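**Q** This is the structure I want to talk about, given as structure tokens.
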Amino acid sequence: YPTTEVCKAVASATNTVCAGEIFQTQCQWQFNFSKAEYFKALEMKTGELFALSCELGAYLSGGNQKCRRAFRDFGLALGTAYQIYDDCLDLFGNESEAGKSLGTDIAKGKLTLPVLLLFETLEASKATQLRTNLKNMNNNNFAELQELFRQNQILKKSQEYISIFINKSKESLA
């Protein structure tokens, strides 16, 4: 490339993604993890990668700063929506269709949006039981967790957040 701007942007994004990974790792099994912190982690990881790709696409196509900012914002929101979708797939998907094992985020102590939304809906005693079940996750607990998700319409609530970020991505380019 004729300038170092692409390398600088990639280096900056790499730092952001690494910081996001460290942040998320520090938050494992932290049951006071908030939705705001969850969205921050998504923006620093998947959101940043999508944002960089979109911004560099605009830059390499000759877009001005305003255009680049719009595409960066588009990518950030789209990447966040995608990661919420992927987090839902990990809990609500079908292993053969998804092509991956389900429940891996929970097994690693990552509290994703569906889990955070479930905690918001449960009474204190049920939330305490959920914490215990999450720390001791097995096939029976996972089936119980999926039933709690179903009873509390957590997939639908999660999909509403996906829609919010998809709309935000569209508005970035309007």
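**Q** For the range 108-147, how many residues are farther than 17 Å from residue 29 by Cβ, assigned to a helix (DSSP H, G or I) and among the aliphatic types (A, V, I, L, M)?
**A** Counting residues in the range 108-147 that are farther than 17 Å from residue 29 by Cβ, assigned to a helix (DSSP H, G or I) and among the aliphatic types (A, V, I, L, M) gives 3.
**Q** Quickly run through the range 6-25 and pick out the residues that are farther than 30 Å from residue 106 by Cβ and open to solvent by 70 Å² or more (accessible area, probe 1.4 Å). Break it down stepwise before answering.
**A** Our first condition is that a residue be farther than 30 Å from residue 106 by Cβ; within the range 6-25, this holds for 6-12.
Those that are farther than 30 Å from residue 106 by Cβ and open to solvent by 70 Å² or more (accessible area, probe 1.4 Å): 7, 8.
**Q** Which residue, of 165, 119, 92, is under 25 Å from residue 17 (Cα atoms), among the aromatic types (Phe, Trp, Tyr), out of contact with any Lys or Arg (no Cβ under 8 Å at 6 or more places or on another chain) and surrounded by 13 or more Cβ atoms within 10 Å (Cβ to Cβ)? I'd like the intermediate steps shown before the answer.
**A** Details: 119 fails: under 25 Å from residue 17 (Cα atoms); 92 fails: under 25 Å from residue 17 (Cα atoms).
Exactly one residue qualifies, and that residue is 165.
**Q** Right, next: Tell me, yes or no, whether the range 148-156 has at least one residue that is open to solvent by less than 20 Å² (accessible area, probe 1.4 Å) and in a helix (DSSP H, G or I).
**A** Narrowing the range 148-156 to residues open to solvent by less than 20 Å² (accessible area, probe 1.4 Å): 149, 154.
Still in the list and also in a helix (DSSP H, G or I): 149, 154.
Checked the range 148-156: at least one residue is open to solvent by less than 20 Å² (accessible area, probe 1.4 Å) and in a helix (DSSP H, G or I).
**Q** If you don't mind, another one. Report whether or not residue 132 is open to solvent by 40 Å² or more (accessible area, probe 1.4 Å) and in contact with a helix residue (DSSP H, G or I) (Cβ under 8 Å, 6 or more places away or on another chain).
**A** Numbers: open to solvent by 40 Å² or more (accessible area, probe 1.4 Å): yes; in contact with a helix residue (DSSP H, G or I) (Cβ under 8 Å, 6 or more places away or on another chain): no.
When the stated conditions are applied, residue 132 does not pass them.
**Q** Surrounded by fewer than 22 Cβ atoms within 10 Å (Cβ to Cβ) and of a type outside the set (S, T, N, Q): which single residue out of 47, 57, 75 fits that description?
**A** Numbers: 47 fails: surrounded by fewer than 22 Cβ atoms within 10 Å (Cβ to Cβ); 75 fails: surrounded by fewer than 22 Cβ atoms within 10 Å (Cβ to Cβ).
Unique residue meeting the criteria: 57.
The values are calculated or read from the model by the stated rules, or taken from the named source; none is laboratory data. All figures in this text were calculated on a predicted structure; none of them were measured in a lab. Every residue, glycine among them, receives a Cβ derived from its backbone with ideal geometry; neighbour counts consider all protein chains shown. We work out accessible area using only protein heavy atoms, side chains counted, and drop any ligands, DNA or RNA first. Shrake-Rupley method; radii C 1.70, N 1.55, O 1.52, S 1.80 Å.
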